[in-house]
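Take a look at the structure below.
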Amino acid sequence: MAVAASKPTPARAPAPRANRGAGPGRVILIPTLLLLAVAAIGTPYYLSSTAERLRHPLHVWFRPSGYVGQTAGIITFVGFLFMWLFPMRKRFRKASWAGPVPRWLDVHIGVGMMLPLIGAIHAGFRFGGVIGLGYIAMLIVCASGIVGRYLYVRIPRSRSGVELGLGEVAAQQRALLGELAEATGISVMELQEVLHVETAPAGVGVWRAFVLMARDDLARGQAVRRLRARVNAKGRVDAKRLDEMIGLARRQMSLGQQARLLNATQSIFKHWHAAHLPVAITAVIAVTIHVVVVIAMGATWF
């Protein structure tokens, strides 16, 4: 008796993963430790009064126009200019040779988080006049940048950083669920129960959206613990393989949570960008004026 030939099952394409970069924490770790070491060396000078500083042996090094102080000022100014490369990279989406936008964002935020410390070393931890205005603007930009990244990573994006629509998000979720089911041996229905995401509430305001985002972050951790327990109950799993499964689960849950609050997040992000840009411009103008005045007065060591 002839046996009907079965059709080959098409291989499932791997679910696309968002390229989020290394994270700003990794970008700034070593430079921040070096800056803290420099600040620690200069602590006796920074704790001195104005009159004592003039006679302090470290004055020639750590005063704003000193070797360390002014070098920190130059780095701060260069850092301010470097920060504007990220908006340019976002605008020119076809410049893929320059690296993915998410990684540019990590470097952009990492540099922005270091600038207040570098600027403080330059100023000798004393602020006044125009540089005081620039420093306050710098702190505001730094704080708002952290909030901006929190919002940015909650908008689903492709590898190139382009925003995804709800249909594309749903397709990624299905692909990730299938991949996760194959990896864990748990059925898709069981996984949906373990990694459950609530339906979107209607009319979410700004503060309510932030509360839901924070709650989602906690919910992911709880769901990961449930999944880890379910996988371990099925038998011993290699630690590396389990980490890969957990990574897939986190991505799948993130997509669902991002889709749930997509409209609210996009709206908040637009308002954030409108507020972030003027403060950033104010900071760079204040710092530029300070640099021009210092150079005009010849108060440099070079």
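The values are calculated or read from the model by the stated rules, or taken from the named source; none is laboratory data. Small disclaimer: the values here were computed from a predicted structure and weren't measured. Cβ placement follows ideal geometry from the backbone for every residue including glycine, while neighbour counts extend to all protein chains displayed. Note: accessible area is taken over every heavy atom of the protein model, side chains too, but ligands, DNA and RNA are not part of it. Shrake-Rupley method; radii C 1.70, N 1.55, O 1.52, S 1.80 Å.
Shape summary of the range 211-302, radius of gyration then Dmax from alpha carbon positions: 24.2, 74 Å. Model label sites at ALA296 and LEU47, defined 7 Å from Cα along the beta-carbon direction, differ in position by 3.9 nm. Our analysis of the range 38-167 gives Rg over Rh at 1.13, with the two radii drawn from alpha carbon positions and Rh computed by the Kirkwood formula.
Peptides 143-149, 111-117, 34-40, ordered by how many other C-beta atoms sit within 10 Å of their residues on average, highest first, read 111-117, 143-149, 34-40. To the nearest 10, the accessible area of ARG241 is 100 Å² with a 1.4 Å probe. One Cα centroid belongs to the range 24-81, the other to the range 271-289; the line between them spans 24 Å.
Amide H contacts of ARG157 (H built 1.01 Å from N, in plane; Pro and chain starts excluded): LEU164 sit under 5 Å, all sequence-distant by 5 or more or on other chains.
Put simply, the C-alpha atoms of the range 66-130 give a gyration tensor, and the ellipsoid matching it has half-axes of 29, 10, 10 Å, longest first. Per residue, the solvent-accessible area of the range 81-129 (1.4 Å probe, heavy atoms of protein chains only, all protein chains present) comes to 52 Å². Using the Cβ-Cβ distance between ILE140 and SER187 with R0 set to 51 Å, the FRET efficiency from 1/(1 + (r/R0)^6) comes to roughly 0.55. So if we plug the beta-carbon distance of LEU33 and ALA95 into 1/(1 + (r/R0)^6) with R0 = 41 Å, what FRET efficiency do we get, rounded to 0.05? Once rounded, the FRET efficiency stands at 0.80.
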